[in-house]
Amino acid sequence: MISTLSATMHPQIAQLVDLRHALLSLHQALITVERDAYERFYGRVSSEKLLQLLIDHPQFDWLHRLSELIVQIDTALQADDPITPATAESLIAAADALLTPAEDGMGFARQYFKALQRDPAVVMAHATVVPLLSVES
């Protein structure tokens, strides 16, 4: 279980824990945006079908990078050896690099930009994540 005792953690580790929670909310908002777009074209899907789409469908493929980053954070926070501030900083930097929307970009950056344009919930989740992307001293 990931500790929520952030007051007793090194600042970068506490920041990473907070970032993880914010990334989960952002991830959910992005899944909802893609699900809504898919359902407008193909009709409603069950939770089971959505899971399959998240795994296999090209429309959802771009979300894998964020999913993988969240898994990396979880793995680091739950490892037998305690996470170091340097590892926390590295993961925060990886999140910062990933979550840079780009209208003229490719892959995740472009899809992320488009999602930010389509849904206020994504904008709100992004606004929660952004302050956590700067490494605190």
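Tabulated results
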{"quantity": "Sole residue being closer than 21 Å to Q117 by Cβ, over 19 Å from the mean Cα position of the chain (by Cα) and either among the polar types (S, T, N, Q) or in a helix (DSSP H, G or I) (or both), chosen from E34, E39, E48", "calculated": "E39"}
{"quantity": "Failed condition for M124, given (1) free of Cβ contacts under 8 Å to residues at least 12 places away in the same chain; (2) assigned to a helix (DSSP H, G or I); (3) among the aliphatic types (A, V, I, L, M)", "calculated": "(1)"}
{"quantity": "Residue satisfying condition, being assigned to a helix (DSSP H, G or I), under 23 Å from L133 (Cβ atoms) and modelled with pLDDT under 95, within set A7, A88, A94, A29", "calculated": "A7"}
{"quantity": "Residue that is surrounded by the most Cβ atoms within 10 Å (Cβ to Cβ) [pool: residues in the stretch 97-121 that are among the hydrophobic types (A, V, I, L, M, F, W, C) and not in a helix (DSSP H, G or I)]", "calculated": "L99"}
{"quantity": "Positions within the stretch 51-68 being over 14 Å from the mean Cα position of the chain (by Cα), assigned to a helix (DSSP H, G or I) and either farther than 23 Å from A94 by Cα or not aliphatic (A, V, I, L, M) (or both), in sequence order", "calculated": "L51, Q52, L53, D56, P58, Q59"}
{"quantity": "Checking I83 against (1) within 13 Å of L16 (Cα to Cα); (2) in a helix (DSSP H, G or I), the condition it does not meet", "calculated": "(2)"}
{"quantity": "Cβ pairs under 9 Å, 6+ apart, first in the stretch 18-29 and in contact (Cβ under 8 Å) with a residue 12 or more places away in the chain, second assigned to a helix (DSSP H, G or I) and among the acidic types (D, E)", "calculated": "R20/D74"}
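The values are calculated or read from the model by the stated rules, or taken from the named source; none is laboratory data. Just so you know, these numbers come straight off a predicted model, no measurement behind them. Methodologically, a virtual Cβ is constructed for each residue, glycine included, from the backbone with ideal geometry; neighbour enumeration extends over all protein chains shown.
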